[in-house]
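Worksheet for the structure shown next.
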Amino acid sequence: MITQPMTSDRFEAIIEAYGATPSRWPEAERDAARAFMQREPQIARALMAEARGIDALLGSLAAPEPSDALQWEVLARLMPAAVVEKVADEYNVVPFTAPAKPKSRVMWLASGLAAACAAGVIFGVNIGLASTADLRAEDVLVAANYSDVDSW
């Protein structure tokens with residue numbers, strides 16, 4: 001238990017971390033925090049009002065549903081294959097294994113290869129179009145030069 005008087009900074013840190021409900025505060029600092037509330041009621045009320053608003057907002061939100069991948073992971077950790085082998089003779093136990101996921105290294109290699117192919121196609125098409133346009137412009141300039149020579 002802490003015997004030193006609590007500072008306003010520490011009280012604020014406790015309120016921000018644990019909320020406005022004293023039962024959630026660290027047990028070692030709970031009495032010191034209550035003493036601070038009696039010693040500095042204005043500061044404590046302001047901090048507690050803000051924390052109660054945040055607590056109410058968080059309390060009104062529904063907890064998200066766990067994903068299928070998380071459920072399989074939890075089941076796989078609860079009943080590893082080694083445990084299943086030990087009790088399989090006595091009980092009808094089915095091991096839970098997570099569905100196979102593609103290896104991340106393979107995915108990175110495949111995406112890198114796809115990006116390189118796409119870049120090659122884009123650059124190849126652009127270079128081809130640029131050289132064709134240059135040839136057309138050169139033909140026009142050459143034709144213009146010949147027409148000027150004929151008129152002299």
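FYI, it's all coordinate maths here, none of it is from the lab. Computed from a prediction, not measured in an experiment: that's the story for all the values here. Here Cβ is always computed from backbone atoms with ideal geometry, including for glycine, and neighbour counts include all displayed protein chains.
Given the structure, is I43 in contact with a Leu (Cβ under 6 Å, 6 or more places away or on another chain) and on the phi < 0 side of the Ramachandran plot?
Numbers: in contact with a Leu (Cβ under 6 Å, 6 or more places away or on another chain): no; on the phi < 0 side of the Ramachandran plot: yes.
When the stated conditions are applied, I43 does not pass them.
Considering only residues that are in a helix (DSSP H, G or I), within 19 Å of D55 (Cα to Cα) and either within 34 Å of the chain's Cα centre (by Cα) or among the charged types (D, E, K, R) (or both), which ones fall in segment 11-33? If you could, list the steps in order and put the result at the bottom.
Quick first cut of segment 11-33, residues in a helix (DSSP H, G or I) only: 11-18, 22-24, 27-33.
If we keep only those that are within 19 Å of D55 (Cα to Cα) too, we end up with 11-18, 22-24, 30, 33.
Selection gives F11, E12, A13, I14, I15, E16, A17, Y18, P22, S23, R24, R30.
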